[in-house]
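This report concerns only the one structure given below.
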Amino acid sequence: MTVKAKEVLNGKFWIVEQEGVRIGTLSLDDNQYMLSDATGTRFLTETQLKSKLGKDMTWTKLAITETKPDKEVHGYTTSCTPYNPMYDVSRKLPLFTKSEKSKSLYCAGYYIIRFDKGWVKSFCPKLITVERYDFKGPFKTDLEMRTELSKANAK
């Protein structure tokens, strides 16, 4: 009967499994463990924890790997894998192409663009569209863009 604690938060929170089945959760705060399982929640010292779960308990460390988003240009998300990333300093626009040899430039991030019918939301519009029409952006998240769209439509 092997009990395994799989780390979820570095040094703070674990999922406790027995024979591959989840039996509870374990958290550490101020050198005291809080064990939550089918029998309830209780606070235990390290010695009490070892006697409760068994001395052959194994602890697996959280494998932390930092991943860089592959669909990002200068901190703004893109609709596809970007090629030829650049930053237009004068207009403050993160730009990219959709293929290695493409000449069409796209703007990374979320925007709102004012067409004849009113303000419209846009994700990674073409640079030529942004040049031809009034726009606001870039925004890093959809929520920021929607907030600005609401303000623009209210005017």
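The values are calculated or read from the model by the stated rules, or taken from the named source; none is laboratory data. For clarity, every value in this text was computed on a predicted model and none was experimentally measured. When we count neighbours, we look across all protein chains shown, and the Cβ atoms used for this are built from the backbone with ideal geometry, even at glycine.
Residues in segment 118-151 that are in a strand (DSSP E or B) and of a type in the set (Val, Ile, Thr): VAL120 only. Of everything in segment 40-69 that's closer than 16 Å to LEU9 by Cβ and of a type in the set (A, V, I, L, M), which residue is modelled with the highest pLDDT? Step by step, filter segment 40-69, then rank; the result is LEU62.
Within segment 21-50, the set of residues being within 32 Å of the chain's Cα centre (by Cα), in contact (Cβ under 8 Å) with a residue 12 or more places away in the chain and closer than 14 Å to ALA5 by Cβ comprises ILE23, GLY24, THR25, LEU26, SER27, LEU28, TYR33, LEU35, SER36, ASP37.
Examine segment 54-61 for a residue that is farther than 30 Å from ARG146 by Cα and basic (Lys, Arg), and state whether such a residue exists. Spell out the reasoning first.
Of segment 54-61, the ones farther than 30 Å from ARG146 by Cα are 54-61.
When the remaining residues are screened for being basic (Lys, Arg), the result is 55, 61.
There is at least one residue in segment 54-61 that is farther than 30 Å from ARG146 by Cα and basic (Lys, Arg).
Considering the conditions (1) of a type in the set (Asp, Glu); (2) modelled with pLDDT of 85 or more; (3) exposed (fewer than 13 other Cβ atoms within 10 Å of the Cβ), GLU7 is excluded by exactly one of them, (3). Restricting attention to segment 27-39, the residues that are out of contact with any helix residue (DSSP H, G or I) (no Cβ under 8 Å at 6 or more places or on another chain), under 16 Å from GLY54 (Cβ atoms) and either surrounded by 13 or more Cβ atoms within 10 Å (Cβ to Cβ) or at pLDDT below 85 (or both) add up to 1.
Listed here are the residues, each with its yes/no results for (1) among the β-branched types (Val, Ile, Thr); (2) outside any loop (DSSP other than H, G, I, E, B); (3) in contact with a Leu (Cβ under 7 Å, 6 or more places away or on another chain); (4) surrounded by fewer than 14 Cβ atoms within 10 Å (Cβ to Cβ).
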residue: ARG22; (1), (2), (3), (4): no, yes, no, yes
residue: GLN48; (1), (2), (3), (4): no, yes, no, no
residue: ASP56; (1), (2), (3), (4): no, no, no, yes
residue: ILE113; (1), (2), (3), (4): yes, yes, no, no
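Results for (1) surrounded by 11 or more Cβ atoms within 10 Å (Cβ to Cβ); (2) in contact with a Leu (Cβ under 8 Å, 6 or more places away or on another chain); (3) free of Cβ contacts under 8 Å to residues at least 60 places away in the same chain, shown as yes or no for each residue.
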position: LYS61; (1), (2), (3): no, no, yes
position: VAL73; (1), (2), (3): yes, yes, yes
position: THR78; (1), (2), (3): yes, no, yes
position: ASP88; (1), (2), (3): yes, yes, yes
position: GLU100; (1), (2), (3): no, no, yes
position: TYR106; (1), (2), (3): yes, yes, yes
position: TYR110; (1), (2), (3): yes, no, yes
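Can TYR87 be described as over 23 Å from ARG146 (Cβ atoms), in a strand (DSSP E or B) and touching a His at 6+ places or on another chain (Cβ under 6 Å)? Please lay out each step first, then the result.
Values: over 23 Å from ARG146 (Cβ atoms): yes; in a strand (DSSP E or B): yes; touching a His at 6+ places or on another chain (Cβ under 6 Å): yes.
For TYR87, the condition - over 23 Å from ARG146 (Cβ atoms), in a strand (DSSP E or B) and touching a His at 6+ places or on another chain (Cβ under 6 Å) - is met.
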